[in-house]
Amino acid sequence: MIIIILLQFVLLVLYYNVPNNKEAYPRHKTCEDENKSDKSASKYKFNCTNINSIRLFKYDIGGGMSKTIDIGTFEGETVVVKRLSPRKNPKERDAQFREVLFMKDILMRDQLDHPSIIKMLGFCVNHLKHDLDIYQGYLPFGDISAVYEFGKEFRIAEAKFKIEDRLNHALDIADLISYLHHSPLGSLKLVDFLPYDHFLMVKGKIKLIDLDYINNVEPTCYFSSGCSYYNITCQPLNSYEIQYTNCKSTNNCTIGVCRGTNLKHNMARFTESFFAHLLKPELYPLDKQKKLIQLLQRLDKHDIYIDDLLDELRGIKQPFLTFKENL
């Protein structure tokens, strides 16, 4: 798996960060070439040619045991720079693992696109730790950096939101859950979920900022015993999943998958960390409190699908929109 991730990452670096030397093999440029060039050039604002032009003014403000986070400005815009940090000196055996996680986070952000996921503005890979192990004979650290939009820390339990803002945030989060379930990579599960560490407020919007501990693997099960959580039924493996088992066909296979577990897991965690605060009934008008109580009960019992949650939230919000339009 590490090799696959590294190969994918190298392809990305070659595609986005290394300029093509087309003068060596000149050919006539078409309109399609021009359009592709424009799209490629505009995907990210930063790469290895300009990432060091960011003027840093806050250093090492966080990032865990292996990463460091700095704050800087570029052309008047405040940005966040995340780097692998040589100052934190992890154990040698952890060096490759943290490097892979750092690159996985970049790859995930490159493939996922949602307004409630922090925006990556670019990245630079100068070298990997393994490169210098081979050629220099010593054990330095990899030189990898990534740039993100700036956000502020907040505590959802202490935040003072207007009713309309509470509903907007709840709808944004529900839409994020839906996107993670239907993502291009399959149904994704947020394994590492800490509301105060993994979410920031960016220009009035709650955004997920860490994607390194995210996966699209749902638990397997046996048809004889079923699934352990969320009242999910053990379902047959599809043609792709069965390749990773000893089963020769779906007909005789005793192994299944607890499909839908990732979605239920995310809904449960977001309910505990966000919906319980954003949708607190006593903060709403009396005519909305009963509906909110029932909605939170359904969320606590894992008895509501994500599409139904979105419909319920839109229905609660609609009178506020109508009232605003009639002012």
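Of the chymotrypsin sites (Phe, Trp or Tyr not before Pro) found in region 164-265, those that fall in a DSSP loop while having at most 16 other beta-carbon atoms within 10 Å are Y196, Y213, F223, Y229, Y230, Y240.
Computed across region 274-324, the Kirkwood hydrodynamic radius from all distinct Cα-Cα pairs reaches 11.4 Å. Restricting the trypsin sites (Lys or Arg not before Pro) of region 211-309 to loop positions (DSSP other than H, G, I, E, B) with no more than 10 neighbouring Cβ atoms within 10 Å leaves K248, K301.
The alpha carbon convex hull volume per residue for region 201-312 rounds to 144 Å³. The label-point distance for N216 and Q297, in a model that sets each label 7 Å from Cα toward Cβ, rounds to 3.8 nm.
Rule-based calculations on the coordinates, nothing more; no lab input. No experiment lies behind these values; they were computed from the predicted model shown. Backbone-built Cβ (ideal geometry, glycine too); neighbour counts: all protein chains shown.
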